[in-house]
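A quick write-up on the structure given underneath.
The values are calculated or read from the model by the stated rules, or taken from the named source; none is laboratory data. All values derive from a computational prediction rather than experimental measurement. Cβ coordinates were reconstructed from backbone atoms using ideal geometry, including for glycine residues, and neighbour counts include every protein chain displayed. Keep in mind that these areas ignore ligands, DNA and RNA; they rest on the heavy atoms of the full protein, side chains included. Shrake-Rupley method; radii C 1.70, N 1.55, O 1.52, S 1.80 Å.
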Amino acid sequence: MKPLLEVDGVRAGYGAINVLWDVSLTVAAGETTVIVGPNGAGKTTLLRALMGLVPVQGGDVRLDGASIRNRRTWDSVADGLVMIPEGRMIFPDMSVEDNLMMGAFPRKCRKGWKANLEMVFDLFPRLKERRGQLAGTLSGGEAQMLAMGRGLMEQPRICLIDEPSLGLAPVVVDEIFRILARLKAEGLTIVLVEQNTNRALKIADQVYLMQSGRVALSERGERVDLDRLHALYFAHEAAE
Ligand SMILES: Nc1ncnc2c1ncn2[C@@H]1O[C@H](COP(=O)(O)OP(=O)(O)O)[C@@H](O)[C@H]1O
Ligand SMILES: [Mg+2]
């Protein structure tokens, strides 16, 4: 089957600083693709480059076989490519519900917003209880749920999710992963960046290890040897 998203030899960075070197990966429709790797490996930069938020200087990015390289973020979102960013990035002075409505802003999402909002509240009952509360007063876990809910309001076909469990208590991490498993079961295509390799591998169909802006390992989820992955991961960190 043709991949939904293809990253083909991408080189990207910030001005004169290059971060990604010849990064290639494919994301099959309906699968969960997990990207792991140490801090500074370029995982967030890769997601930003896919969204058109960081300029791609070499290689190509294709969605449904058509190049979206350096396309306006807005157009990709309208095509169903949605990012749930690292650090949540919610609007603290707006209510929970208004934050969710920001996700319904793209034109194509406006029509179905009511049903979408119900779907999000069904997935995150805690957000429903707190719908009128200012987002800045939420706990870390609730803020992550809000960021995910806002992304889902955009009616994604592919969701790029950057370190959703970062800084959260173990019980909240459990909840986040339960929700990810449910979204996967419902058929959403997920690209998940995670440092929590143990948890992420449980829902991974395909795994990539990134190091120093390159793909160091690519393997089907069920074939990943966690000891080997960790050895590779830490061998590199120790070498730096
Ligand atoms: N806005 C920026 N300007 C310049 N360099 C950046 C910027 N953001 C990230 N970097 C650098 O890019 C590299 C990769 O960062 P990042 O993609 O955030 O890694 P990861 O998400 O894997 O931790 C790091 O060396 C980081 O310092
Ligand atoms: Mg990051």
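Numbers at a glance
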{"read-out": "The range 11-24, residues that are at pLDDT 95 or above and more than 16 Å from ligand 2 (Cβ to nearest atom)", "value": "Arg11, Asn18, Trp21, Asp22, Ser24"}
{"read-out": "Of all residues making up the range 184-196, the number that are open to solvent by less than 10 Å² (accessible area, probe 1.4 Å) and touching a helix residue (DSSP H, G or I) at 6+ places or on another chain (Cβ under 9 Å)", "value": "5"}
{"read-out": "Residue match in the range 139-155 (condition: modelled with pLDDT under 95, closer than 24 Å to Gly80 by Cβ and open to solvent by 60 Å² or more (accessible area, probe 1.4 Å))", "value": "yes"}
{"read-out": "Selection from the range 69-86 of residues that are free of Cβ contacts under 8 Å to residues at least 40 places away in the same chain and small (Gly, Ala, Ser)", "value": "Ser76, Ala78"}
{"read-out": "Among the candidates Val34, Val56, Val19, residue that is within 14 Å of Leu160 (Cβ to Cβ) and either open to solvent by less than 50 Å² (accessible area, probe 1.4 Å) or touching a strand residue (DSSP E or B) at 6+ places or on another chain (Cβ under 6 Å) (or both)", "value": "Val34"}
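Quick grid of which residues meet (1) free of Cβ contacts under 8 Å to residues at least 12 places away in the same chain; (2) of a type in the set (Asp, Glu):
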site	(1), (2)
Met101	no, no
Ala115	yes, no
Lys128	yes, no
Gln144	no, no
Ala147	no, no
Leu168	no, no
Glu175	no, yes
Leu180	no, no
Leu183	no, no
